[in-house]
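In what follows, a single structure is set out as structure tokens and then discussed.
The values are calculated or read from the model by the stated rules, or taken from the named source; none is laboratory data. Note that the structure is predicted; figures quoted are calculated from it, not measured. Here the Cβ is made from the backbone with ideal geometry for all residues, glycine too, and neighbour counts use every protein chain on show. For the accessible areas, the whole protein counts, side chains as well, though only heavy atoms, and no ligand, DNA or RNA atoms are used. Shrake-Rupley method; radii C 1.70, N 1.55, O 1.52, S 1.80 Å.
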Amino acid sequence: DVYKRQFTYNADTGYSSNTKVSDYSTSQDAGAATIKYTHEPGVYFTERHADGSFTYEVPVRNPGKYVLILKFAEMWFYQKDKRVFNVKFGDTRVVEDLDVFAHVGRFSAYDEYIEFELKNGQIFFKGRGIPTAYNAAKGVLNVEFEKGKSDNPMVDAIVLYQGELADTDAAEQPRLRAEWEARIQAEVKKKEDEKVKKEEARLKQREKHKVRNDHYDEYEEEEFEEGGEEIDESDTSVLKRIAKSPGAILGLIFIAILVGAYVFFGGGLPISTAKATSPIIDDDVPATKEKSSGDKQKKQKAKAK
């Protein structure tokens with residue numbers, strides 16, 4: 001099953017000297033990316049490119065039918081039409097205006113499947129011979145990545161498969177992408193559901209708090225109605241604040257106890273003397289009067305003698 005099988009890749013050879021390599025696995029941005037639509041994500045993190053066109057010599061020695069699989073992933077640009085190039089066998093274009101981002105977006109695998117046949121020492125593409133495509137002396141297929149209308153050409157990996165297109169995983173690519181999209185949508189939905197649950201829990205907790213406060217307010221209103229007195233709204237707000245403060249309630253109880261004790265022990269409050277059983281005597285004033293009357297009588301007796 002080619003669809004599930006991963007190829008063993010070797011370091012590339014046969015490329016022209018004007019090329020450069022980019023390793024996006026070390027990039028802070030792209031290094032942590034998940035490459036979609038593939039079972040071989042590691043292949044797409046390294047890229048060979050050039051400022052202009054560049055070539056590969058791909059060994060093809062045995063006559064027969066082949067499929068050249070070119071693997072790409074746009075790791076740099078964020079929109080389409082930023083990198084557009086062509087692929088040629090010899091002097092003949094076999095892929096025109098290739099825009100990887102336009103096909104699959106960024107951080108996504110995109111493979112081109114190119115069928116050809118080596119027959120009588122010549123490469124045939126779509127039934128037509130291309131004399132400049134094959135170097136019989138070297139036994140190589142000349143593949144050119146031609147600079148197009150936007151930026152520079154590139155390629156991540158090359159697979160030469162001997163056989164027909166039906167033997168490859170080309171027909172499975174739509175299914176693979178559909179599976180990836182379904183997985184991505186499931187993850188998005190899971191995150192959205194978790195977000196909704198958190199919001200519902202928050203609102204539920206907020207509603208519980210509101211219900212408790214409303215219940216307490218109703219309880220206060222019932223008590224005030226039973227008292228039969230109209231209470232100013234500002235007073236009720238003060239009472240509410242006091243009722244919601246345990247410290248304030250304890251303070252009021254303590255003050256009530258002090259006032260009660262003060263009243264009970266007669267501490268300076270007005271007391272009626274109308275029912276007193278014994279007169280209140282001022283020790284200073286009456287005593288002085290009695291002493292003055294005694295002295296006067298003694299003086300009168302002394303004069304009579």
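Determine the alpha carbon to alpha carbon distance for each of Lys119/Lys149; Lys36/Lys138; Lys71/Lys149; Lys20/Lys80; Lys36/Lys149; Lys149/Lys189 and list only those over 29 Å.
In this structure, Lys119/Lys149; Lys36/Lys138; Lys149/Lys189 exceed 29 Å between Cα atoms.
Enter the accessible area of Ser27 (Å², nearest 10), with the probe set to 1.4 Å and all protein chains included.
Counting only protein heavy atoms, the figure is 40 Å².
Find, among the trypsin sites (Lys or Arg not before Pro) in the range 29-104, those assigned to loop by DSSP (not H, G, I, E, B) with at most 13 other beta-carbon atoms within 10 angstrom.
Qualifying residues, ordered by number: Arg61.
For a test of the definition: using alpha carbon positions, the gyration tensor, and the 1.5 limit on a/c, classify the range 42-185 as rounded, prolate or oblate.
Cα axes put the range 42-185 in the oblate bin.
When the gyration tensor of the range 93-132 is built from Cα positions, what are the square roots of 5 times its three eigenvalues, in whole Å, from largest to smallest?
29, 10, 7
From largest accessible area down, sort His49, His103, His39; use a 1.4 Å probe on the protein chains.
Ranking His49, His103, His39 by accessible area, largest first, yields His103, His39, His49.
Taking R0 as 45 Å, what's the FRET efficiency between Thr132 and Gln28 from their Cβ-Cβ distance, rounded to 0.05? Don't skip to the end; give the middle numbers.
Values: r = 43 Å, r/R0 = 0.95.
Rounded to the nearest 0.05, the efficiency is 0.55.
Explain nothing, just compute: Karplus ³J(HN,Hα) = 6.51 cos²θ - 1.76 cosθ + 1.60, θ = phi - 60°, for every residue of the range 126-140 in order, whole Hz, x for Gly and Pro.
Each residue's phi maps through the Karplus curve to give 6, x, 10, x, 10, x, 8, 7, 10, 9, 5, 4, 8, x, 10 Hz.
Can you check what the net charge comes to around Lys138, using other residues whose Cβ is under 15 Å from the Cβ of Lys138 (Lys, Arg +1; Asp, Glu -1)?
0
Using only Cα atoms, locate the centre of the range 136-213 and the centre of the range 15-47, then give the distance between them in Å, rounded to an integer.
So the two Cα centres are separated by 16 Å.
Long-range amide H contacts for Ser108: which residues qualify at under 5 Å (H placed 1.01 Å from N, peptide plane, sequence gap of 5 or more or a different chain)?
Lys36, Glu74
Given H placed on each backbone N at 1.01 Å, which residues far from Val94 in sequence or on other chains put an amide H within less than 5 Å of it?
HN-HN under 5 Å from Val94: Val87, Lys88, Phe89.
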